[in-house]
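Working notes, beginning with the structure itself.
The values are calculated or read from the model by the stated rules, or taken from the named source; none is laboratory data. Owing to the predicted nature of the structure, the values given are computational and were not obtained by experimental measurement. Glycine also receives a Cβ, built like all others from the backbone with ideal geometry; neighbour counts cover every protein chain displayed.
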Protein chains: 2
Amino acid sequence: MNKPPHVYLVGAGPGDPELLTVKASRLLREADVVVYDRLVSAEILTMIPSGTAKFYVGKAAGHHHMTQDEINALLVQLARAGKTRIVRLKGGDPLIFDRGSEEARYLHEQGIPFSIVPGITSASACTTYAGIPLTHRGLARSVRMVTGHCQKNRPLDLNWNSLADPDTTLVVYMGLGHLQEIATRLQHAGLSGGTPAAIIENGTHSDQRRCLTTLAQLPEQARVQVFTTPSLIVIGRVVALAKELEWRQTSDHEQAFAEILGQSIQAEA
Amino acid sequence: MNKPPHVYLVGAGPGDPELLTVKASRLLREADVVVYDRLVSAEILTMIPSGTAKFYVGKAAGHHHMTQDEINALLVQLARAGKTRIVRLKGGDPLIFDRGSEEARYLHEQGIPFSIVPGITSASACTTYAGIPLTHRGLARSVRMVTGHCQKNRPLDLNWNSLADPDTTLVVYMGLGHLQEIATRLQHAGLSGGTPAAIIENGTHSDQRRCLTTLAQLPEQARVQVFTTPSLIVIGRVVALAKELEWRQTSDHEQAFAEILGQSIQAEA
């Protein structure tokens, strides 16, 4: 009897291949076909066996990417074509600021069995690799994750009064393009301009860069230091611990990274 | 020359051993000594080679557990005793509702090199294994994580008005003991009693149980169905997707689990 098709919606985490889960790593080895996104790191893609079929469905500069409907249709098409282990690989976690739940719903409607494998989301991994805890006794007893992504040329649809909470660590995914609006609105809503804040570019990658600054200074620092996507924004008192909790310099595995980080810290001073 | 000591603060994730990161899995194999917590699953502990020294520092029923100061001192003592690969293994993620940042600070003060390895936090993995996305277009555009843990016999010190946001998925760690207070306060702050809500017990473990209910019904359901710790509470419209996104029944790997889940679903009906 033929094995039935199965789609695995798999989180690849933020980039460092060692942050893949054991399950994701196994599924990449066992896959018949891998359908992957723009935010999956090149190092992770090299872990896919050379004989495995690969489909890129992310946005390439200057090219139109596949729509969500087209991606949904591709997954179903692969399942109906008799592929039994279809891995849909996504940056970060499939169910946090991603369309994983929409893909899963479509597979459910089409009667195609699926599994979901969580990945470490950027809010957790990128901050850890930048020495920033999301919670810390006396500094933050709550974590808030929002996205700064919205329809083009429209203001962000966020509840600023609710976000301006000094006891909460606020993490903004895809917020680089709206930093001025974010910084201004949070201050107007009552959050101090002196609240510690950070920008983390290419978090967990070998070329990770971070900037430690304040809420008021975020937009200018992003401009002067030329931060680019993907960057994560972190706002809250926990950012003040980043110097003490910096560990990538001291690790015996990432010596090559220390020099880059050193330059970044000098740039902050 | 002797290798210098190094402490690895490692997140073990919520329980399923396949959700360990590749890095955590490697460090467990390479460790000289593992210092572990109450919330690290038994299956993960079996992955530690039999020759590796192990220290349990969690709370055992009826026994006094080690204080944070004692754990800090143990880590430093092991480093000074010449251990070069000291793994401090923690349930979930070391920097989310955990004392990982306090341990890292102490190691920094004592001049002992350390690294931090993020783990998948319960808010992400337990919801995924229960078929609940943390965000979904049109249902939740923000995620909030809080802890329901507080000093004994004292009310929770949370900003209920800020938490009562229908556009946000609210995840409460360690909230089982305060469910009545949580449900009442959120409703008083304006969140509808009909808001979908879930309790997930032993998330990602083979004996995971979940209850799909509403905010108003949370306390009674927890009592009637006898939920026990560790349980995660999820409140928000995304919980309504849990039936469609249920995947552990359909997975080809977890057939043994389907029966238990089936019983749980019948209990919900």
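Here are a few things to note about the model shown:
- Options A:Ser192, A:Ser124; residue that is within 9 Å of another protein chain (Cβ to nearest Cβ) and either without any contact (Cβ under 8 Å) to a residue 12 or more places away in the chain or not in a helix (DSSP H, G or I) (or both): A:Ser124
- Top-ranked residue of the stretch B:188-208 - restricted to ones that are surrounded by fewer than 23 Cβ atoms within 10 Å (Cβ to Cβ) and of a type in the set (S, T, N, Q), ranked as nearest to B:Leu232 (Cα to Cα): B:Asn202
- Filter result for A:Ile96 (assigned by TED's automatic domain parsing to the domain that holds A:Leu39 and touching a residue at least 12 places away in the same chain (Cβ under 8 Å)): yes
- The stretch B:209-246, subset assigned to a helix (DSSP H, G or I) and surrounded by fewer than 23 Cβ atoms within 10 Å (Cβ to Cβ), residue nearest to the other protein chains (Cβ to nearest Cβ): B:Leu241
- Taking the criterion of being more than 22 Å from B:Ile71 (Cβ to Cβ) and either over 20 Å from the mean Cα position of the chain (by Cα) or touching a residue at least 24 places away in the same chain (Cβ under 8 Å) (or both), the residues of the stretch B:1-22 that qualify are B:Met1, B:Asn2, B:Lys3, B:Asp16, B:Pro17, B:Leu19, B:Thr21.
- Of all residues making up the stretch A:133-153, the number that are touching a Ser or Thr at 6+ places or on another chain (Cβ under 9 Å) and more than 8 Å from chain B (Cβ to nearest Cβ): 2
- Filter result (more than 26 Å from B:Ser231 (Cβ to Cβ) and surrounded by 24 or more Cβ atoms within 10 Å (Cβ to Cβ)) within the stretch B:115-125: B:Ile116
- Given (1) in a strand (DSSP E or B); (2) without any contact (Cβ under 8 Å) to a residue 40 or more places away in the chain, number of the condition A:Ile116 does not satisfy: (2)
- Contacts under 6 angstrom Cβ, first residue in the stretch A:214-227 being without any contact (Cβ under 8 Å) to a residue 60 or more places away in the chain and under 14 Å from A:Gly175 (Cα atoms), partner among the acidic types (Asp, Glu) and not in a loop (DSSP other than H, G, I, E, B), 6 or more apart: A:Phe227/A:Glu201
- Residues that are crowded, with 23+ Cβ neighbours inside 10 Å and among the small types (Gly, Ala, Ser) were ranked within the stretch A:166-187; the one that is modelled with the highest pLDDT is A:Ala183.
- Test result for A:Ser162, in contact with a Pro (Cβ under 7 Å, 6 or more places away or on another chain) and within 8 Å of another protein chain (Cβ to nearest Cβ): no
- Qualifying residues in the stretch A:214-269 (those that are at pLDDT below 95 and among the hydroxyl-bearing types (Ser, Thr, Tyr)) - the one farthest from the chain's Cα centre (by Cα): A:Thr250
- On inspection, B:Ser101 qualifies as surrounded by 20 or more Cβ atoms within 10 Å (Cβ to Cβ), in the same structural domain as B:Gly15 (by TED's automatic domain parsing) and free of Cβ contacts under 8 Å to residues at least 40 places away in the same chain.
- Meets criteria (free of Cβ contacts under 8 Å to residues at least 40 places away in the same chain and within 14 Å of chain B (Cβ to nearest Cβ)) for A:Leu156: yes
- Matching strands (runs of 3 or more DSSP E) fully within the stretch A:1-98 where at least 1 residues are surrounded by fewer than 14 Cβ atoms within 10 Å (Cβ to Cβ) and among the hydrophobic types (A, V, I, L, M, F, W, C): A:53-56
- In the stretch A:121-158, the residues that are under 18 Å from B:Ser101 (Cα atoms) and hydrophobic (A, V, I, L, M, F, W, C): A:Ala123, A:Ala125, A:Cys126, A:Ala130, A:Ile132, A:Leu134, A:Leu139, A:Ala140, A:Val143
- Residue in the stretch B:74-82 that is of a type in the set (D, E, K, R) and within 14 Å of chain A (Cβ to nearest Cβ) present: no
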